[in-house]
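Encoded as structure tokens, the structure appears first; notes follow it.
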Amino acid sequence: MAGSNNGRSRLDDSSEYDRKSEVQAFDDSKVGVKGILDAGVTKLPRMFLHNQPVIENKLDSDAATKFSIPVIDFEGLRKNAAQRADIVQEIRDACENWGFFQIVHHEIPSSVMEEVLEGVRHFHEQDTEVKKEFYSRDVTRKFTYNTNYDLHKAPTANWRDTFYCVMAPNPPNPKEIPKVCRDVMFKYMEYVMKLGLTLYELLSEALGLEPNHLKDIECAKGLFIAGHYYPACPEPDFTLGLSDHTDSGFLTILLQDQIGGLQVFHKNHWIDVPFMRGAVIVNIGDLMQLITNDKFKSVHHRVLAKNAGPRISVASLFRMQFQEGSESRLYGPIKELLSEENPPKYREPSRKDYIAYLYNKGLDGTSLLSQYFKLQK
Ligand code: OGA
Ligand code: NI
């Protein structure tokens, strides 16, 4: 409770507070969260403090024993039709009930996964002056780095720096990507694209569609990669690494390191997504929920701040960005899935509209889908 003296909230100072100036000064400094930590902060600047102490629902031992996110083994995928059908069934269950799953025995080599996590680390740990050149909120650039893409819109800042790299449909000129992570970004992107295409086949089948359906409607056309860096946090109970949100694209393929902290909201509990060596995490995004007319779920998730770190993760989002043309393309529920009993639940935003809404809204815990695109009953 804000204002209580249980020591859990630090937002009990009701004096005048000019949040806008604090955020602007921090943004102008271009040093990122890592920069202020390196400078020696031991108390969180006010802009990072969440209204509600986040510790209260961090530990949910009840949930930890009741639920665990599905793990799907791709080993049998190319062995025979029966094993493939089992995998399709597991994927259907996971997408309908969880919106999240982990995959083991996929085709991304562990060495490449380790290398890309290291590449992200190297980018964030290079000299601040070099990094500053990339600090930007210009969404038309192919490679940028900043603290929270929604810093000026969201109610509270998160303890995290991120670089963003637009990889498809038009890959960047190699020179646009910093040297410290250039080669591995291209290498990793090839594997992610391949796994994405495999997933779209399986998801299409899970929806009862032709295997090429999701690919043919260009779900794999746009891809951008976010390299997150969550520095160790001096006061992890008062902020988050990444606020409660749903992902905006069709599908996200995520790598996390062993620090942990990712949680998924499932049946009214925050469930930890444990680190599994060699596994990748996959989750459904809002666009997939929209085109499947709510069959597949885009679920809320967040990342806790931790004393330990830095935590590194790499999120590959299948979604077009601003750059690539065909802005008038519409995204709507797939006609083959609709019927009299299952009428469309969403309108069909153009890509341009969708992205405009997205970037106009900070991560405030509400969903873009229900707020803007859901049809009224
Ligand atoms: C994201 C995300 C989780 C993580 O980038 O959308 O949810 O573990 N990332 O960094
Ligand atoms: Ni996410």
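Applying the set (1) open to solvent by less than 70 Å² (accessible area, probe 1.4 Å); (2) more than 22 Å from GLY196 (Cβ to Cβ) to ARG141 leaves exactly one unmet item: (1).
For beta carbons closer than 9 Å, sequence separation of 6+ or different chains, a first residue in region 321-337 that is in a helix (DSSP H, G or I) and a second that is at pLDDT 95 or above and among the polar types (S, T, N, Q), the qualifying pairs are LEU337/THR292; LEU337/ASN293.
Say whether the condition of being under 24 Å from GLY32 (Cβ atoms), away from ligand 2 (no atom under 16 Å from the Cβ) and crowded, with 17+ Cβ neighbours inside 10 Å is met by at least one residue in region 217-228. Break it down stepwise before answering.
Looking only at region 217-228, we keep the residues that are under 24 Å from GLY32 (Cβ atoms), and these are 224-228.
From what is left, the residues that are away from ligand 2 (no atom under 16 Å from the Cβ) are none.
No, there is no match, as no residue in region 217-228 is under 24 Å from GLY32 (Cβ atoms), away from ligand 2 (no atom under 16 Å from the Cβ) and crowded, with 17+ Cβ neighbours inside 10 Å.
For region 310-324, what are the residues that are closer than 17 Å to LEU254 by Cβ and at pLDDT below 95?
Residues of region 310-324 closer than 17 Å to LEU254 by Cβ: 310-319.
Correct list: ARG319 only.
Residue pairs whose Cβ atoms lie under 7 Å apart, sitting 6 or more positions apart in sequence or on different chains, and linking a residue in region 136-165 that is over 17 Å from TYR229 (Cβ atoms) to a partner that is of a type in the set (D, E, K, R) and open to solvent by 10 Å² or more (accessible area, probe 1.4 Å), are LYS142/GLU176; LYS153/LYS361; ALA154/ASP364; PRO155/ASP364. Taken residue by residue, region 316-326 has no member that is exposed (fewer than 13 other Cβ atoms within 10 Å of the Cβ) and within 20 Å of the chain's Cα centre (by Cα).
A single member of ARG302, ARG351, ARG347 is surrounded by 14 or more Cβ atoms within 10 Å (Cβ to Cβ) and within 15 Å of ligand 2 (Cβ to nearest atom), and it is ARG302.
Being modelled with pLDDT of 95 or more, open to solvent by 30 Å² or more (accessible area, probe 1.4 Å) and in contact with a Lys or Arg (Cβ under 7 Å, 6 or more places away or on another chain) narrows it down to one of GLU107, GLU118, GLU96, GLU125, so name that one. After ruling out the rest, the residue left standing is GLU96. Scanning region 235-282 for residues that are out of contact with any Leu (no Cβ under 8 Å at 6 or more places or on another chain) and not hydrophobic (A, V, I, L, M, F, W, C) turns up ASP237, GLN258, GLY260, HIS266, LYS267, ASN268, HIS269, PRO274, ARG277, GLY278.
Taken over region 276-297, the criterion of being in a strand (DSSP E or B) and under 11 Å from the mean Cα position of the chain (by Cα) is satisfied by ILE281, VAL282, ASN283, ILE284. If the condition is being under 19 Å from ILE312 (Cβ atoms) and either at pLDDT below 95 or part of a strand (DSSP E or B) (or both), then region 229-238 contributes TYR229, TYR230, PRO236. ASP244 meets all of the listed conditions (1) more than 11 Å from ligand 1 (Cβ to nearest atom); (2) at pLDDT below 95; (3) touching a strand residue (DSSP E or B) at 6+ places or on another chain (Cβ under 6 Å) but one, namely (1). Applying a threshold of 6 Å to beta carbon distances and a minimum spacing of six or more residues, or different chains, the list of pairs starting in region 220-237 at a residue that is under 24 Å from THR198 (Cβ atoms) and ending at one that is open to solvent by 20 Å² or more (accessible area, probe 1.4 Å) and away from ligand 2 (no atom under 15 Å from the Cβ) reads ALA220/LEU197; LYS221/PRO169. Looking across region 239-273 at every residue that is under 17 Å from ASN307 (Cα atoms) and open to solvent by 30 Å² or more (accessible area, probe 1.4 Å), the one that is nearest to the chain's Cα centre (by Cα) is identified as ASP272.
Give the residue, chosen from ASN307, ASN342, that is in contact with a helix residue (DSSP H, G or I) (Cβ under 6 Å, 6 or more places away or on another chain), surrounded by fewer than 19 Cβ atoms within 10 Å (Cβ to Cβ), over 25 Å from ARG137 (Cβ atoms) and not acidic (Asp, Glu). None of the other options fit; the residue is ASN307. Counting residues in region 299-317 that are more than 12 Å from ligand 1 (Cβ to nearest atom) and charged (D, E, K, R) gives zero.
The values are calculated or read from the model by the stated rules, or taken from the named source; none is laboratory data. Owing to the predicted nature of the structure, the values given are computational and were not obtained by experimental measurement. Cβ: placed from backbone, ideal geometry, glycine included. Neighbour counts: every protein chain shown. These area figures cover heavy atoms from the full protein model, side chains too; ligands, DNA and RNA do not enter into them. Shrake-Rupley method; radii C 1.70, N 1.55, O 1.52, S 1.80 Å.
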